[in-house]
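Okay, so here's the structure we're looking at.
The values are calculated or read from the model by the stated rules, or taken from the named source; none is laboratory data. Bear in mind the structure is a predicted one, so any value in this text is a computation, not a measurement. Counting neighbours? That spans all protein chains shown, and the Cβs are built from the backbone with ideal geometry, glycine included. The area values use the complete protein model at the heavy-atom level, side chains included, leaving out ligands, DNA and RNA. Shrake-Rupley method; radii C 1.70, N 1.55, O 1.52, S 1.80 Å.
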Amino acid sequence: MTKAQIGLIGLGTMGSNLALNIAEKGHAVAVYNRTASKTGAFFENAADLRERIVPCATLAEFVAQIRPPRPVVLMVQAGKAVDEQIAALREHLEAGDMIIDAGNANFRDTIRRFGELEGSGLTFVGMGVSGGEEGARHGPSIMVGGAQEAWRQIEPILTDIAARFQGEPCAAWLGEGGAGHFVKTIHNGIEYADMQMIAEIYGLLRDGAGLSAGEMATIFQRWNSGPLESYLVEITAEVLRASDGATGGPLVDAILDRAGQKGTGRWAAVEAQLMGIPATTIETAVAARSLSAERDLRLKAQGAYADALPTGRLVADEAFIRDLEHALLAAKLAAYAQGFAVMEEASTEFRWDLPLGTVARIWRAGCIIRSQFLSEIAAAYDQAREPAHLLLMPAFVDTMTMASPALRRVVARGVEAGLPVPALAAALTWFDAFRQGRGTANLIQGQRDFFGAHGFERVDAQGDHHGAWSK
Ligand code: ATR
């Protein structure tokens, strides 16, 4: 049997599907998993793709089965497992071989691993892969960080296995070091915001207007043929439409309102904070998931406040439903603008020179936030002559001018009714502050100078000034 062109370690859900994808695209792949029984079961289930899969029971055998220079994809649990697996692999690999961490690594760990492997003769690549199980199997969005030369070596296989948007592969080299995993982290942060905003709209319709899951499914389905067309809106309609085998009612009504999180959304919020870039929609979405997890506390609070503070009703007439659609569009645009601003800052701070138009382009298919709207973002970046904020680009100034009044009405209705709209409100209030040329931080500077003599700048003179405060 000819040797494999690539190796893959870690046959969990993502790893198994990625290995099948690689084999299906015509590349022979050697596979290895810590627990050998999983390797056997995987191979048994690979059907006619078996002819391009080489199952290996030991690392020595695995390495021997790959043609040098060997690209080895790691799809093991993020964190300690990656370090352990790299240490074990180093015993077997040779100079020129490449380790590609395709898991959900924190980009700071990725940067550390680049440092640790420097001078080892091995090439390291940090690769963000988005699209879940389905994406891994049939075409994910692939965000590559590392040396450009390393990308050139693996580009043919990666473009073969990536998703395609109108024929263009959704895989790209984004920059050195942790660039790929960083962009994946921001992708997930935006995904959190997107999902939270959709859930808030659902809450207004369910708790304010009393719509059934089926009625809401129809609304989301309709929105999926307009400017909100996206994977998340599409699956929202499907989730709302699904019925429960046990009760016969809508499945969504039987699902507990406690959301999980693996941490990547939180990393996005933390990194935004560390860089001093406002990403309020992402931060709020992370906080909302955390509050969702505190179900017992919420139930007690409902008991404590329900009688005194009842929630109000909303009327889901045509005008309100149109407002919800535009509100979601405006809020979503604010979330993307925040996420892209974080990437812009990181690009400077880490000297990645991130191609933001390319980032938008490779998110158009394969990944969870894929949407029509990303084509507009890509086009806007392509047309911008210098780095620019998304909400200053003419196409998006028009969108916000058209859609933000609806966001304001929707947030106001939600707030008045006592229904939670934290991410929609975060988008709106950030947008209002963003477009305020004369803000209110002059008062904060006055306070800081009053209690700590921190000084302030004046509107009419250069230099550092102090007030003659009477204390
Ligand atoms: P999934 O894709 O299913 O979400 P994951 O939880 O991120 O997967 O990772 C699971 C994979 O990491 C498995 O292949 C697991 O190997 P086992 O089948 O032996 O559990 C692998 N893994 C976890 N810890 C590991 C470690 N310390 N060393 C090597 N592989 C490890």
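Before moving on, here are some points about what is shown:
- For the chain, the number of Lys pairs with C-alpha atoms closer than 25 Å, counting only pairs eight or more positions apart or on separate chains, is 11.
- Angle in degrees between helix 264-275 and the longest Cα principal axis of the chain, rounded to the nearest 10: 60
- Count Lys and Arg as plus one, Asp and Glu as minus one, and take only other residues whose Cβ is under 13 Å from that of residue 339; the net charge is then -4.
- Cβ-based net charge around residue 285, under 13 Å, with every Lys or Arg adding one and every Asp or Glu removing one: -1
- Rounded accessible area per residue of the chain, 1.4 Å, Å²: 47
- Extension gain (nm, one decimal) between residue 443 and residue 395, 0.36 nm per residue minus Cα-Cα: 13.9 nm
- In order along the range 168-180, the Karplus-derived 3J(HN,Hα) couplings, from 6.51 cos²θ - 1.76 cosθ + 1.60 at θ = phi - 60°, round to 8, x, 8, 9, 7, 7, 10, x, 6, x, x, 4, x Hz, and Gly and Pro are given as x.
- Computed [θ] at 222 nm, deg cm²/dmol, the chain (DSSP H ≥ 4; -39,500 (n - 2.57); rounded to nearest 500): -17000 deg cm²/dmol
- Net charge contributed by nearby residues that have their C-beta within less than 10 Å of residue 21 (K/R +1, D/E -1): 0
- Descending principal axes extents, the range 347-389, alpha-carbon based, whole Å: 27, 22, 13
- Database remark: amide H of residue 70 closer than 5 angstrom to the amide H of 97, 98 (H placed geometrically; neighbours at sequence offset of 5 or more, or on other chains; Pro and chain starts carry no H).
- Shown here for the range 103-173: trypsin sites (Lys or Arg not before Pro) in loop regions (DSSP other than H, G, I, E, B) with at most 14 other Cβ atoms within 10 Å, of which there are none.
- With 10 Å bins beginning at zero, the pair-distance distribution over Cα atoms of the range 1-141 amounts to 13, 46, 35, 6, 0 %.
- Compactness check for the chain: Cα Rg over 2.2 N^0.38 Å is 1.09.
- Between 0 and 90°, nearest 10: helix 441-452 axis offset from the chain longest Cα axis: 90
- Share of carbon and sulfur in the accessible heavy-atom surface of the range 349-471 [1.4 Å probe, %]: 53
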